[in-house]
Amino acid sequence: MTVNENIFRPFLKELKEYVPGKSINDVAREHGLMPSDIIKLGSNENVLGPSPLAMESIKSLADRSNLYPSMHQKELRQKIAKFIGLGYSSENIMVGAGMDGVLDTLARILIEPGNEVVIPIPTFTYYELACRYYGAEVLYVMRDANYEIDFNALIESINPATKMVFICSPNNPTGNTLNQEHLKEFLTHIHHDFICFVDEAYYDFSTEGSVVDLVQDFPNLIVGRTFSKVYGLAGLRVGYAVADPAIVRQYYMAATPFAVNRLAEKAAEAALDDNLFIMKSIMMVQKGRTYLKEKILFPTYPSQANFILMNTAPLKGSFVAGELLKKGIILRDCQSFPYLGDTFIRITVGTPEQNQRLAEEINEMYSGALKR
Ligand SMILES: *Cc1c(COP(=O)(O)O)cnc(C)c1O
């Protein structure tokens with residue numbers, strides 16, 4: 001006996017599942033490799049590991065795991081506000097179980113059936129999922145040939161049913177950033193009530209700045225950040241967003257109590273102080289992405305993030321990723337990103353040694369492709 005499938009909400013049948021990068025253990029098992037020989041460059045994690053200060057903090061607090069965490073992450077929010085500066089306070093900060101968790105709670109307080117959300121694609125796919133659970137219709141706007149946002153098309157797509165617009169900058173998986181002047185014009189121009197969510201998961205690696213200061217001028221702007229990337233805490237699940245205090249108050253009315261666990265909260269607080277680790281990670285990524293861009297023979301795109309996008313045409317991305325997987329290199333085939341086509345792979349920037357091994361293997365495939 002199994003449960004009758006009709007018990008589930010019918011619309012779930014239409015949802016595309018979120019496709020994560022592959023794990024080291026899966027690849028080791030599937031290809032008979034030693035986990036230690038595998039390099040994982042498929043999920044944009046910090047290849048230097050977690051922030052050491054965060055790990056110390058977790059160890060010292062593990063024996064208090066019997067206690068509930070704080071309800072509204074007051075201390076972490078104060079610390080984040082101070083880190084951002086610009087006159088923000090904890091009232092401007094909402095924390096969740098990863099930025100994904102923040103997105104879930106925002107969708108919970110904003111989206112009703114019949115609302116529209118607008119997403120310039122190709123981009124991160126979770127925005128769409130988070131909103132569709134609550135009945136939103138998703139409208140895509142195509143980015144241009146260089147994956148810049150077409151703001152004219154974006155403006156045209158906005159109407160009174162629009163509830164949210166999602167802009168990722170630096171954009172996953174293309175690596176380019178948003179033009180800040182265009183964003184300002186866009187926010188000034190539109191007078192419908194909607195929320196513009198700018199996802200800055202990768203802003204630490206960018207040399208082109210943040211739009212977080214604009215939250216003060218535009219109360220319908222929310223800027224999302226995460227501890228999963230440069231801080232190396234993807235497994236702990238902490239993310240946050242900066243917003244108008246009225247949004248933050250609603251957020252905490254609706255958020256799942258204790259969604260952020262005690263160790264994750266304290267680890268995130270410690271990670272904010274880990275300047276040495278952060279600097280080291282950022283410098284490694286900035287050098288590494290330049291190296292990969294110069295070295296790899298397939299065309300790649302300029303990136304402000306800790307990954308680069310590569311076009312493997314005429315080879316299929318799934319083929320190239322599959323061949324590299326056999327050699328113990330995990331990359332992200334981008335087929336599941338709508339509008340990108342099937343010849344793209346996203347590569348997380350690794351350590352210098354990993355980058356060298358990776359570039360050699362990729363270039364061997366490139367040369368092989370030309371011979372055929
Ligand atoms: C990784 C990532 C996130 C956040 O992930 P969490 O681990 O849920 O904090 C958000 N947006 C983009 C574009 C990402 O790549």
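The values are calculated or read from the model by the stated rules, or taken from the named source; none is laboratory data. Owing to the predicted nature of the structure, the values given are computational and were not obtained by experimental measurement. Counting neighbours? That spans all protein chains shown, and the Cβs are built from the backbone with ideal geometry, glycine included. Remember, those area values only see protein heavy atoms, side chains included, never the ligands or the DNA or RNA. Shrake-Rupley method; radii C 1.70, N 1.55, O 1.52, S 1.80 Å.
Here the simple spin-label model places points 7 Å from the Cα toward Cβ, and for T188 and N152 these points are separated by 1.9 nm. Largest GNM mean-square fluctuation among N46, N220, N176, using the chain with Cα springs under 10 Å: N220. Per residue, the solvent-accessible area of the range 100-245 (1.4 Å probe, heavy atoms of protein chains only, all protein chains present) comes to 35 Å². For a straight C-alpha distance cut-off of 18 angstrom, the lysines reachable from K287 (same-chain residues fewer than eight places away being disregarded) are K229, K295. Share of carbon and sulfur in the accessible area of the chain stands at 54%, probe radius 1.4 Å. Converting phi to 3J(HN,Hα) with the Karplus coefficients 6.51, -1.76 and 1.60 and the offset θ = phi - 60°, the range 313-330 yields 3, x, 7, 6, x, 5, 5, 4, 4, x, 5, 5, 4, 4, 8, x, 10, 8 Hz in sequence order, with x at every glycine or proline. Think of it as helices only: each DSSP H run of n ≥ 4 in the chain is worth -39500 (n - 2.57), and spread over all residues that comes to -11500 deg cm²/dmol at 222 nm.
Each of the peptides 4-15, 147-158, 111-122 was scored by the mean count of other Cβ atoms within 10 Å over its residues; in descending order, highest first, they stand as 111-122, 147-158, 4-15.
At the residue level, L103 shows approximately 10 square angstrom of accessible surface with a 1.4 angstrom probe and all protein chains present. Using a cutoff of 8 angstrom between alpha carbon atoms and counting only pairs six or more residues apart, the relative contact order for the chain works out to 23 percent. Shape class for the range 1-94, computed from the alpha carbon gyration tensor (a ≥ b ≥ c): oblate, with a/c not under 1.5 and a/b at or below b/c. The distance separating the Cα centre of the range 50-76 from that of the range 187-263 comes to 21 Å.
Apply the a/c threshold of 1.5 to the C-alpha gyration tensor of the chain and tell me whether it is rounded, prolate or oblate. Verdict is rounded for the chain. Note on E360/S36: beta-carbon distance plugged into 1/(1 + (r/R0)^6) with R0 of 25 Å gives a FRET efficiency of 0.85. All other residues whose Cβ lies under 9 angstrom from that of C334 are scored, Lys and Arg at +1 and Asp and Glu at -1, for a net of 0. Once the Cβ-Cβ distance of K74 and M279 is raised to the sixth power relative to R0 = 30 Å, the FRET efficiency obtained is 0.60.
Each residue of the range 172-179 was assigned a 3J(HN,Hα) from its phi angle through the Karplus curve 6.51 cos²θ - 1.76 cosθ + 1.60 (θ = phi - 60°); the sequence is 8, x, 8, x, 8, 9, 6, 7 Hz, with glycine and proline shown as x. Bridgeable lysines around K13 (alpha carbons under 26 Å apart, same-chain partners fewer than 8 residues away excluded): K22, K163.
Each label was represented as a point 7 Å from its Cα along the Cα-to-Cβ direction; for Q216 and Q180 these points are 1.3 nm apart.
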